[in-house]
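Working notes, structure below.
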There are 2 protein chains.
Amino acid sequence: MILCDVGNTSVDLYQDGKRAKKPAESFDPASIGENVYFISVNASFNERVKAYSNWIDLRTAVMWDGYYPTMGIDRVMVCEAVEEGVIVDAGSAITVDVMCGGAYQGGFISLGLYAAREAYARLSPALDVSWNFEVDLAKMAKNTPDAVTVGFLAPLVAQIQSLGKPIYLSGGDASILSRFFPDAVVDEELIFKGMKKLIEKGRVC
Amino acid sequence: MILCDVGNTSVDLYQDGKRAKKPAESFDPASIGENVYFISVNASFNERVKAYSNWIDLRTAVMWDGYYPTMGIDRVMVCEAVEEGVIVDAGSAITVDVMCGGAYQGGFISLGLYAAREAYARLSPALDVSWNFEVDLAKMAKNTPDAVTVGFLAPLVAQIQSLGKPIYLSGGDASILSRFFPDAVVDEELIFKGMKKLIEKGRVC
C-alpha cells in the first residue's frame, strides 16, 4: 500500500515503512501505477491528480462531523492516529489537538518555530537573535535570547501540559520540542498511521 | 516637568497629565525650551538631541544592576513604576516583566497582537482571519478564527496569570487584553509614572 501526503512544496510518499520526499511542483502522479491513498493541501496537485483513478483521496473517507470543515486534512489525519491524547504537529504552524475516546475535542494553532523567530526578527533588529533551546522555561529571563525563547515556548509548553493527556509530537520540529516534553511520544509517522487507520475502517471507496 | 518617550515612529510628550504625540522623524528638540526628561529607543533622535542640554536622558539614572544591558529602556521604565506585580506592556511586542519588592525578577517577550496576526497570515491564506476576541480561552477551538485566537492568547494569558501577582497592563493593546484579565490595572501612563519615580529618586543629573 502506498500512502502520500501532498503539501505545498513537497510530496511525501510512504511504503513499507520507507519514506521518499519529492518536490511537489515537478511531481507527476502518472509516475506511480499502483493504488496511492493520498491527502493533499495543494490545489494545483489536486487538479493534476483528478485524471488518475489509482490516486484515492482520503478526504472523502473522513467522518467530518467530529471535525470542522476548514480544518487542514493533515491535522485531521494526525488526530485519526490517536485515540486519547494531545497531538502536537510542529511544522510551519504548530497545531495542538485533543482526542478523547477517539472523538475530536477541538484544538488551537500556534505559529511554527521558524515563523515565530521570523516575526520577532521583523519587529526589531534587537529581537533578531538565536533562540536558546537549552533555556529553563520555568525561569523568568534576564537576556534577550532567553526572553524571546521563554516568551514563545513557556506559555505554549505549559498550555499543552495543562491539558493533562498523553502527548504525541509529530512534524519537522518534533525533536526540538521533545526536550520540553520528557514524557511525550515522538512519532514522525503519525500522519501515515492516521491514514492507514482510516483505510482500515473501510470507508474508502 | 515635561516627560518624553521617543519611539522609532513617534515622540510621546507628557506634561501635567496631558499627552501629545508627534512624528519622530520631523520632531525638532529645539522646539521645546524647558527641561525635558526623556527616554529613547530611536538612534537617529539620540544623535540629534545631543546638542540640547535641556534634554535629559533618563537612561543614565537607571540602576542597571537589577536589569540587563540590552533590555529596552521603555521596558525598564514601566518596571520602575511598579513595586510588586507583573507588568504587561502590549505594543508591537508584548513584554511581560515581574517586579518583587521593587527588584526586577526577569521577564519574557511575546509577539504583539498585530505582529502575531501578520505572522499567521503569512503562513497561509487559511490563517489570514480576523481574530475572535470574544472567544472563551478555556475551550478548545472548533473553527479557524477561534483556533488562531486561542492558540496565541490562551497560553499567554495563562502564563501571565500563573505568575500569581497583581497585573498591570499598559501599551496600545492594553484595553484589548484587559478583557482576559478582569482584575488587572490598566494604566496607559505607566511609562511616565516610572520616569517620574526615577526622577524623584534624585539620581538624575
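The values are calculated or read from the model by the stated rules, or taken from the named source; none is laboratory data. Here the structure is a predicted model, which means the values were calculated and not measured. Quick reminder, even Gly has a Cβ in these numbers, built from the backbone with ideal geometry, and neighbours come from all protein chains shown.
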Scanning region A:75-98 residue by residue, the ones that are without any contact (Cβ under 8 Å) to a residue 40 or more places away in the chain and over 18 Å from residue B:143 (Cβ atoms) total 2
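Say we look at region B:46-59 and pick out the residues that are basic (Lys, Arg) and surrounded by 12 or more Cβ atoms within 10 Å (Cβ to Cβ); which of these is farthest from residue B:202 (Cα to Cα)?
B:48
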Which residue, of A:169, A:156, A:190, A:137, is within 11 Å of chain B (Cβ to nearest Cβ) and in contact with a Phe, Trp or Tyr (Cβ under 7 Å, 6 or more places away or on another chain)? A:137
Which residues, taken from region A:115-125, are at the interface with chain B (Cβ under 9 Å from one of its Cβ atoms) and modelled with pLDDT of 95 or more? A:115, A:116, A:118, A:119, A:120, A:122
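This table checks each residue for (1) in a strand (DSSP E or B); (2) not aliphatic (A, V, I, L, M).
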{"position": "A:8", "(1), (2)": "no, yes"}
{"position": "A:14", "(1), (2)": "yes, yes"}
{"position": "A:20", "(1), (2)": "yes, no"}
{"position": "A:38", "(1), (2)": "yes, yes"}
{"position": "A:45", "(1), (2)": "no, yes"}
Log entry, pairs with first residue in region A:126-138 being closer than 21 Å to residue B:69 by Cβ, second being in a loop (DSSP other than H, G, I, E, B), beta carbons closer than 8 Å, six or more apart or on different chains, reads A:126/B:70; A:126/B:72
All positions within region A:47-61 that are out of contact with any strand residue (DSSP E or B) (no Cβ under 9 Å at 6 or more places or on another chain) and either in a loop (DSSP other than H, G, I, E, B) or within 17 Å of residue B:143 (Cβ to Cβ) (or both): A:50, A:51, A:53
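Checking the condition in contact with a strand residue (DSSP E or B) (Cβ under 9 Å, 6 or more places away or on another chain) and without any contact (Cβ under 8 Å) to a residue 12 or more places away in the chain, which residue from A:174, A:141, A:116 passes?
Numbers: A:174 fails: without any contact (Cβ under 8 Å) to a residue 12 or more places away in the chain; A:116 fails: without any contact (Cβ under 8 Å) to a residue 12 or more places away in the chain.
Step by step, each of A:174, A:141, A:116 is checked, and only A:141 is in contact with a strand residue (DSSP E or B) (Cβ under 9 Å, 6 or more places away or on another chain) and without any contact (Cβ under 8 Å) to a residue 12 or more places away in the chain.
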If you take the residues in region B:1-45 that are without any contact (Cβ under 8 Å) to a residue 40 or more places away in the chain and aromatic (Phe, Trp, Tyr), which one is surrounded by the most Cβ atoms within 10 Å (Cβ to Cβ)? B:38
